[in-house]
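Q: Please see the structure below; I have some questions.
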Amino acid sequence: GGGGGGGGGGGGGLAADSALALATAAAEPESVSMLSSMGFSEEQAVAALAAAGGSLEAAADWLMSHSDSSLDAAVATALRDFAAARSAPPPPPPPPPPPPPPRANPPPPPVRGLPSPAPGVNAAAVESLRRFGGPAPARKPAGGLFGLFGGAAAPAAKGPVQVDTSLPRHLEAQGAEVHQLGARVRELFAGGQFGDALGVAERRLDLCRRTYGSEHAMYATCLNDVATFEQVFARYDRAEALFEEASKIQKKLLGQGHPHTIATLQNLAALYTAKGDAPKAEAMQLLVQALQLSSSGGGDGP
């Protein structure tokens, strides 16, 4: 049987009525009816549900666990505790995490000029390019990125073949983007971001092929850029193939003594040096010197 009887008078007064009203509003009416059908008052049923977190089974156990003499006091306590929990202010938010400690030694600013080798970059390849001279930012590269890595550009030939970069109107925007990507490649290179520079150079090469075609001096220049960064990452076979492809285009379109053609041969000499192939590097340098002499009018050519 149930705990029987009338409502608990433990709390009494206005506060008790307010607590009962809060608990009644939160209780499921069907659960209250079920407990009331077991012989308990509505107030006892509501208090039991409040104490049991709304669980009908737990509320029934709670009621059965109290004797008739202790039930009224338990009801008053349960209602008071429920009202106090409902009226309590929410807990304050957790404090923000402490700021990170200041860095003792901030990284130095990037040094202008040829950057030091970064992780994954072949130091010997960069050093080989360094040996050809410092960067020349005031001069546009003569053959791909050779002007960025430095090296004395080939003396201007007397009346060299001019590279025609004019385009049909519908391709002018793509041509402008090719030149913009070239500037971005040089910017990334100057900051030592070789991997990013290679990615942009690859994009530029593809756009140049679709804009100018694969039999154009501008395409040879873009080949030079990609080959230069492949060399920096010590991917010598691909770098050599790209340099040779660029050289063939330049010899065909511009002539063997053109500054762009000679610059590509200088890049090949740097590649052979980085690979440790001294005989090929020396032979290529001799060819470059002969071509420079010939193109400047100081000799009859190789």
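Q: Rounding to the nearest 20 debye, state how big the charge dipole of the stretch 165-207 is about its Cα centre with +1 on each Lys and Arg Cβ and -1 on each Asp and Glu Cβ.
A: 80
Q: Using a 10 Å cut-off on Cβ atoms, rank the peptides 263-273, 32-42 from the highest mean neighbour count down.
A: Put in order of decreasing packing, that is 263-273, 32-42.
Q: What's the long-distance tail for the stretch 33-105, i.e. % of Cα pairs beyond 14 Å?
A: Value for the stretch 33-105 (Cα pairs over 14 Å): 67 percent.
Q: Excluding residues fewer than 8 places away in the same chain, name every one of the aspartates and glutamates whose C-alpha is closer than 14 Å to that of Lys275.
A: Qualifying aspartates and glutamates at Cα under 14 Å: Glu127, Glu230, Asp237, Glu240.
Q: Now, a different point. May I ask for the distance between the Cα centers of the stretch 183-247 and the stretch 271-297, given as a whole number of Å?
A: 21
Q: How much area per residue is accessible in the stretch 172-219 when the probe is 1.4 Å and only protein heavy atoms are counted (Å²)?
A: 46
Q: Moving on. Taking all protein chains as present, what is the carbon and sulfur share of the accessible area of the stretch 237-302, in % to the nearest whole number, probe 1.4 Å?
A: Heavy-atom surface of the stretch 237-302 belonging to carbon and sulfur, 1.4 Å probe: 51 percent.
The values are calculated or read from the model by the stated rules, or taken from the named source; none is laboratory data. Everything numeric here is computed off the predicted structure, so don't read it as measured data. Quick reminder, even Gly has a Cβ in these numbers, built from the backbone with ideal geometry, and neighbours come from all protein chains shown. Heads up: the accessible areas ignore ligands, DNA and RNA and are worked out on the full protein's heavy atoms, side chains in. Shrake-Rupley method; radii C 1.70, N 1.55, O 1.52, S 1.80 Å.
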